[in-house]
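Encoded as structure tokens, the structure appears first; notes follow it.
A short reminder: the numbers here are calculations on the coordinates, not readings from a lab. A quick note: this is a predicted structure, and the numbers were derived from the prediction, not measured. So basically every Cβ, Gly included, is an ideal-geometry build from the backbone, and we count neighbours across all protein chains shown.
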Amino acid sequence: MEKSIKLNSSNIINIRKKLDADIIKYWKIIRNENVMSKKAIKANIGSGLDLKSLYNQITQMQDKRVLIKGMLMYLNMGITTFDTSKFKKTNNYNIFMAGEAKEAIAQLKMIPTLNPTLKAKKGLNALGKQETFSSAKIAALIKDLQLTANKYDTAMENFNSKTEIDITELGEKFEKELAL
């Protein structure tokens, strides 16, 4: 049985702020610790956190953040019941998900990696450094995220070109703007 809770705008905003702060913090850790010298690792410099686990946590928090944004949007529209499955069928869900994918792509592009040519030439052991996410892994993650963003962008484009609103009572006010 699913647990039902009630949240007000303040609760939702605080949850979103916490998610925002944690996501930013985890991206910074990944950026700063993806490539580390073996000496620094042995000296326990850095957070000591599993970067792959942090990335997974980020993706889970991004999914939560989309739902939180949806909840706040619903409340702002005067809707006091949030149905996740119905929300996932809306254009706003597509907008929020596309935004999360594009943010993740931008963050991944900022992660330093070892030069693949140098790594192949000298060998990983000779470099004296270690990386968690290689440039090839980051490229694969970016490709998957770009495909996800494309999916949501296409859904938004379809919505924008095919969904109409009837403004019968206001039609005269917009006649000039709609004249081609």
Original post:
What whole number of Å gives the distance from the Cα centroid of segment 126-140 to the Cα centroid of segment 152-180?
Top reply: 48 Å
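So, counting K/R as plus one and D/E as minus one, what does the shell of residues with Cβ under 11 Å around Ile105 add up to? List each step's numbers first, then the result.
Values: positive: Lys102, Lys109, Lys143; negative: Glu100, Glu103, Asp144.
Value of the local net charge: 0.
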Original post:
For the charge dipole of segment 9-161, defined by +1 on Lys and Arg C-beta atoms and -1 on Asp and Glu C-beta atoms about the Cα centroid, which residue among Leu124, Ala136, Ile24 has the Cα displaced farthest towards the positive pole?
Top reply: Leu124
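Take Arg65, Arg31 and order them by how many other Cβ atoms sit within 10 Å, fewest up front. Write down the numbers at each step before the final one.
Values: Arg65 22, Arg31 15.
Listed from fewest to most nearby Cβ atoms, that is Arg31, Arg65.
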Original post:
Across segment 28-45, in residue order, what do the Karplus-derived ³J(HN,Hα) couplings come to in whole Hz, using 6.51 cos²θ - 1.76 cosθ + 1.60 with θ = phi - 60° and x for Gly and Pro?
Top reply: 4, 4, 4, 4, 7, 10, 5, 10, 9, 6, 5, 5, 5, 5, 5, 7, 6, 7
Original post:
Taking Cα atoms, how many degrees apart are the long axis of helix 135-162 and the longest axis of the chain, rounded to 10 and kept between 0 and 90?
Top reply: 0 degrees
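So what is the calculated 222 nm ellipticity per residue for the chain, using -39500 (n - 2.57) for each DSSP H run with n of 4 or more, over all residues, to the nearest 500 deg cm²/dmol?
On the way: 9 runs with 122 residues, N = 180.
That comes out to -21500 deg cm²/dmol.
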Subject >> Local electrostatic count at Asn32 - Lys and Arg +1, Asp and Glu -1, tallied over other residues with Cβ under 15 Å >> reply: +1
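Suppose R0 equals 25 Å; then what is the FRET efficiency for Lys121 and Lys25 from their Cβ-Cβ distance, rounded to the nearest 0.05?
Values: r = 35 Å, r/R0 = 1.41.
So, using R0 = 25 Å, E works out to roughly 0.10.
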**OP:** Between Asp50 and Asp166, take the C-beta separation as r, use R0 = 45 Å, and let me know the FRET efficiency to the nearest 0.05.
**Re:** 0.25
Subject >> Estimated distance in nm for a label pair at Phe174 and Met156, the labels positioned 7 Å out from Cα along Cα-to-Cβ >> reply: 2.0 nm
**OP:** Could you pull out every residue, at least 5 positions away or on a different chain, whose amide H is within less than 5 Å of the one on Lys129? Hs are placed 1.01 Å off N in the peptide plane, and Pro or chain starts have none.
**Re:** Lys38
Original post:
Using 7 Å Cα-to-Cβ label points, what is the Lys137/Lys3 separation (nm, one decimal)?
Top reply: 3.3 nm
Original post:
Which order do Ser9, Ser47 fall in if you start with the one that has the fewest other Cβ atoms within 10 Å?
Top reply: Ser9, Ser47
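Over the chain, what is the mean sequence separation of C-alpha contacts under 8 Å (at least six apart), divided by residue count, expressed as relative contact order in percent? It would help to have the intermediate numbers written out before the result.
On the way: 123 pairs, mean separation 49.7, N = 180.
28 percent.
Mind giving me the FRET efficiency for Lys109 and Lys129? R0 is 25 Å, r the Cβ-Cβ distance, nearest 0.05 is fine. Each step should come with its number before you reach the end.
On the way: r = 20 Å, r/R0 = 0.80.
The formula returns an efficiency of 0.80 here.
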